[in-house]
Amino acid sequence: MIQSAPFGHAPDGSPLSLYTLTNVQGMEVRITNYGGIVTHILAPDRDGRLGNVTLGFDTAAEYFGRSPYFGALIGRCGNRIARGRFTLDGVEHQLSVNDGANHLHGGEQGFDKVVWEATVEGEALVLRYRSPDGEQGYPGNLDVQATYTLGDDGALTVDLRATTDRATPVNLTHHAYFNLAGGGTVNDHEMWIDAPHYTPVDEGLIPTGELAPVAGTAFDFREPRAIGEAVYDHNFALTPGVGMRRAVRVREARSGRQLEVLTHQPGIQFYSGNFLDGSLGFPHRSGFCLEPQHFPDAPNKPHFPSVILRPGEVYRNTLAFRFSRY
C-alpha cells in the first residue's frame, strides 16, 4: 500500500510529496519526490519492534544545500570523475566540479537536488526526470525512471532505467545511509562483501586504475569483519556473476537486524560515514553507505567496465536492500 502527503516546497517553489510504502511485516519506507530521497526506513528488530534504520530528516527544507546525499538518487554519474573532465568520441567535456577539483555524484545540481515527477502505479512509486542536454556539462538529453517497491520479504527494490539521444556517461545509484541499531555508531556492525578485489585511490579519492586483491588487507570482507576496523570510502569489485545476486550482508548483534544488498552491477562503493561530524545531528560514523554501481572515474579508465550509454540502448541498474532478522 502507498499513501502520500504534502512535504513542503522545493527551493523553486514546486510542491513536494512524501510517499509511504508498507508491507505485511509492518515495515515502512518514506520517499519524497525531491531527489528521490528515502527519508525513513522502519524495520523490525528481533523482538518485532520497529526502528528507523536510515539517516535522514523530518522536513524537506533540511535537505536543501546541507545534506551529504542522505537517502538520495545519484546521477548522472555517481562517484567521482577526475578534474570533472572526460573525452568521448574525440570530444572533451568539462563537468561542474564540486569535490575539490573533481566532479562528485552528478555535480553541484545532481539528481539528488531536482524535483522528480511522481506517480503511484499499483504497488510501485515511479519517479521520472528528464536531464537536459548540457546539464552539469553532460551531453545529450537523458530520460530517467526510478521505480521503488517494498516487498513482503523485506526488500526495498530500486529499479533505475535511462535512455539518451546522444552518447553520455551514466552511472546511477542510491545513496542511503544505514544504521541497523537505529542509533550510535556503526563500528560494531559486522559486514561481509563478496569482492575479491578493490580499486585503490589517491589522495583525492580517485582510483589509481589498479585492481588490487583484498587478500591480506583491511578490505577483505570475504570473512565477516567489523566496520570499525578501518576507514572506508572505496569501490569493491564484486565477484562476477549473472543477474541479481547477493553482494553484501550486514548484521547488528544487539538488534538482530540483518541487511542484504542484491545487485547485478560490477562494483559497490562502501563508505563508512567518515565525514559525518555531528553538525547535522548525526555523529561521526553513525551511518554507512552501500552504493551498487560501476567503478569511479570509469569515463577516464578504459580498462574499467564502460559507463557510456548510446542512443537506442537502455541503461538499467536494479538494486535491492533486503531487511530481515537473525
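The values are calculated or read from the model by the stated rules, or taken from the named source; none is laboratory data. Only a predicted model underlies this, so the values are computations on that prediction, with no experimental measurement involved. Heads up, the Cβs are rebuilt from the backbone with ideal geometry, glycines too, and the neighbour counts pull from every protein chain shown.
How many of the residues making up the stretch 198-241 are over 20 Å from the mean Cα position of the chain (by Cα) and either on the phi > 0 side of the Ramachandran plot or not in a loop (DSSP other than H, G, I, E, B) (or both)?
8
Restrict the check to the stretch 153-160 and report whether at least one residue is surrounded by fewer than 21 Cβ atoms within 10 Å (Cβ to Cβ) and touching a Lys or Arg at 6+ places or on another chain (Cβ under 6 Å).
yes
Can you say whether residue 76 is over 21 Å from residue 272 (Cα atoms) and over 18 Å from the mean Cα position of the chain (by Cα), as far as the supplied structure shows?
Working: over 21 Å from residue 272 (Cα atoms): yes; over 18 Å from the mean Cα position of the chain (by Cα): no.
No, not satisfied.
Kindly indicate whether residue 162 is assigned to a strand (DSSP E or B), within 30 Å of residue 22 (Cβ to Cβ), at pLDDT 95 or above and of a type in the set (Gly, Ala, Ser).
yes
What are the residues in the stretch 104-139 that are part of a loop (DSSP other than H, G, I, E, B) and touching a residue at least 60 places away in the same chain (Cβ under 8 Å), if any?
105, 114, 116, 123, 138
Among the residues of the stretch 215-264, write down those that are over 22 Å from residue 68 (Cβ atoms), in contact (Cβ under 8 Å) with a residue 60 or more places away in the chain and surrounded by 13 or more Cβ atoms within 10 Å (Cβ to Cβ).
Listed by number, the residues that qualify are 244, 251, 253, 255, 256, 257, 258, 260, 262.
Would you pick out the residues in the stretch 24-62 that are surrounded by fewer than 16 Cβ atoms within 10 Å (Cβ to Cβ) and assigned to a strand (DSSP E or B)?
Of everything in the stretch 24-62, just one residue is surrounded by fewer than 16 Cβ atoms within 10 Å (Cβ to Cβ) and assigned to a strand (DSSP E or B), namely 50.
Here is a yes/no grid of residues against (1) under 19 Å from residue 220 (Cα atoms); (2) part of a loop (DSSP other than H, G, I, E, B):
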position	(1), (2)
246	yes, no
259	yes, no
270	yes, no
275	no, yes
305	no, yes
316	no, no
324	no, no
